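Notes for the one structure printed next.
The values are calculated or read from the model by the stated rules, or taken from the named source; none is laboratory data. Every value quoted in this text rests on a predicted model; they were computed, and no experiment measured them. When we count neighbours, we look across all protein chains shown, and the Cβ atoms used for this are built from the backbone with ideal geometry, even at glycine. These accessible areas exclude ligands, DNA and RNA; they are computed on the full protein's heavy atoms, side chains included. Shrake-Rupley method; radii C 1.70, N 1.55, O 1.52, S 1.80 Å.
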Amino acid sequence: SLSLLDQVIAYSGQTISAQAARESIGLIGASALMELLRGVLERKPLDALRVADELFSQGQDLRVLGRNLVEWLHLAILLRVGAQPQGADLSAEEMTMLRDLAALRELEELELIFQVFHYGLESIARSPQPKALLDVLLVKCATAETLTPVAQVEASASVAPAITQVAAPIIEAAKPAPVLVSE
């Protein structure tokens, strides 16, 4: 922590601000993360891409950005189910904003977006083009159609048999194939 403080002092000089401290040690500001997440959850991929471009041009580490997004999506999921996350580095105002953003998507969608970024982190770290991969993940999550739980589709089958006829092959295809084991 002392070497980080030395780094902040060397970067900032006599006047140290929170923004200067973040910039000197490569932290991403909460407002930028909130804007990025807002673009994804409001289904506005161009807004999310704009924020990612700004962060990338500032030299932000995309792995750090990805980890922060996963952390914030985790908090959003907890807030969506009514939990009060402890130990989060967010102000009360930021928690309220994140709770409002989480309400924009169904829980299942938040979980899917979390999984996409969680599994995408490793790919971003290994990719020769991490920014391109991040862009695709942002667009994928921002443009994902609303998910409909299978139970809801099945329940509506009595009202709309055509839905079942269309959905049944998709549901069947999504089931894992049996694994054959030979001796």
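Points to keep in mind about this one:
- Per-residue accessible area (protein heavy atoms, 1.4 Å probe) orders Leu112, Leu55 as Leu112, Leu55, starting from the largest.
- Per-residue Karplus couplings for region 133-145, computed as 6.51 cos²θ - 1.76 cosθ + 1.60 with θ equal to phi - 60°, are listed in order as 5, 4, 4, 5, 4, 4, 5, 4, 6, 6, 9, 4, 5 Hz, Gly and Pro entered as x.
- Extended-chain gain in nm, criterion 0.36 nm per residue less alpha-carbon gap, Ala88 and His118: 9.0 nm
- Protein-only accessible surface order, largest first, of Leu46, Leu90 at 1.4 Å: Leu46, Leu90
- Gln14-Val81 FRET efficiency (beta carbon distance; Förster radius 45 Å; 0.05 resolution): 0.45
- With DNA, RNA and ligands ignored, accessible area of Thr96 (1.4 Å probe; Å², nearest 10): 70 Å²
- Backbone geometry of region 85-93 corresponds, through the Karplus equation with coefficients 6.51, -1.76 and 1.60 at θ = phi - 60°, to 3J(HN,Hα) couplings of x, 9, x, 6, 8, 10, 6, 4, 5 Hz, x marking Gly and Pro.
- Neighbour net charge for Lys140 - beta-carbon separation under 13 angstrom, K R +1, D E -1: -2
- Descending semi-axes in Å of region 34-103, equivalent ellipsoid built from Cα gyration tensor: 22, 14, 9
- Once all protein chains are placed together, Glu109 keeps about 10 Å² accessible to a 1.4 angstrom probe.
- When Lys140, Lys131 are compared by accessible surface with a 1.4 Å probe, the order from highest to lowest is Lys140, Lys131.
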